[in-house]
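So the structure is just underneath, and the comments pick up after that.
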């Protein structure tokens, strides 16, 4: 069964292009596309999609502000931000509000497809430029990793999580068992006082936790 998508994007040409692109795939079906988010909560409730592609800068109301409303309508829904903004404030606000990924429009359509697939597998994908920005923040001031008593292996896992890797891919990259990787992530969330991957990434951004 295809993953059903709704797109919120005010650029009509881009929105229609995304509809054609996604509907041409075997994995996705666009069930709705809208130029604003003024009625997003009701639209999501009526269409009942599995996933949302959401722009930030739209007329009347910005995309970040409706994330809680959408999540309230369907808590298990996945939301991927698709935007031109690279500033840390919008990344942080999006992730804290409940976004499951953050992809830049300047990246290739293939990156968007990869991000959607990562979200389906439980990952929290970021565009390479965004991941680089988050990782670069690790080097902006004194090391805070010791504050949370993160082990070297947990730091390795967290770095890959920030790059958008799913549990399966993190385990493969580090040559560890899937269950071992899950245990590391559980320990990371406990130490950072968060509940999931996107909250962990948001905390890294907010506190500029860095790793030598």
* **Subset of the range 1-13 that is part of a loop (DSSP other than H, G, I, E, B) and out of contact with any strand residue (DSSP E or B) (no Cβ under 8 Å at 6 or more places or on another chain) - its residue that is farthest from residue 41 (Cα to Cα)** => 1
* **Residue check for residue 32: at pLDDT 90 or above and over 24 Å from residue 110 (Cα atoms)** => no
* Do you know which residues across the range 166-212 are outside any helix (DSSP H, G or I) and under 17 Å from residue 121 (Cα atoms)? -> 166, 177, 196
* **Inter-residue pairs, beta-carbon under 8 Å, first more than 18 Å from residue 103 (Cα to Cα) and in the range 1-24, second in a helix (DSSP H, G or I), 6+ apart** => 3/116; 3/120; 4/47
* Give 105, 159 a once-over and let me know the one that is modelled with pLDDT of 80 or more and touching a strand residue (DSSP E or B) at 6+ places or on another chain (Cβ under 7 Å). => 105
* To do: Might you check whether a residue that is closer than 26 Å to residue 178 by Cβ and either at pLDDT 85 or above or in contact with a strand residue (DSSP E or B) (Cβ under 7 Å, 6 or more places away or on another chain) (or both) occurs anywhere in the range 135-144?
  => no
* Leading residue by the ranking (surrounded by the fewest Cβ atoms within 10 Å (Cβ to Cβ)) among those in the range 62-75 that are in contact with a helix residue (DSSP H, G or I) (Cβ under 8 Å, 6 or more places away or on another chain) and farther than 16 Å from residue 95 by Cβ -> 72
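The values are calculated or read from the model by the stated rules, or taken from the named source; none is laboratory data. Since we're looking at a predicted model, the values are computed, not measured. Methodologically, a virtual Cβ is constructed for each residue, glycine included, from the backbone with ideal geometry; neighbour enumeration extends over all protein chains shown.
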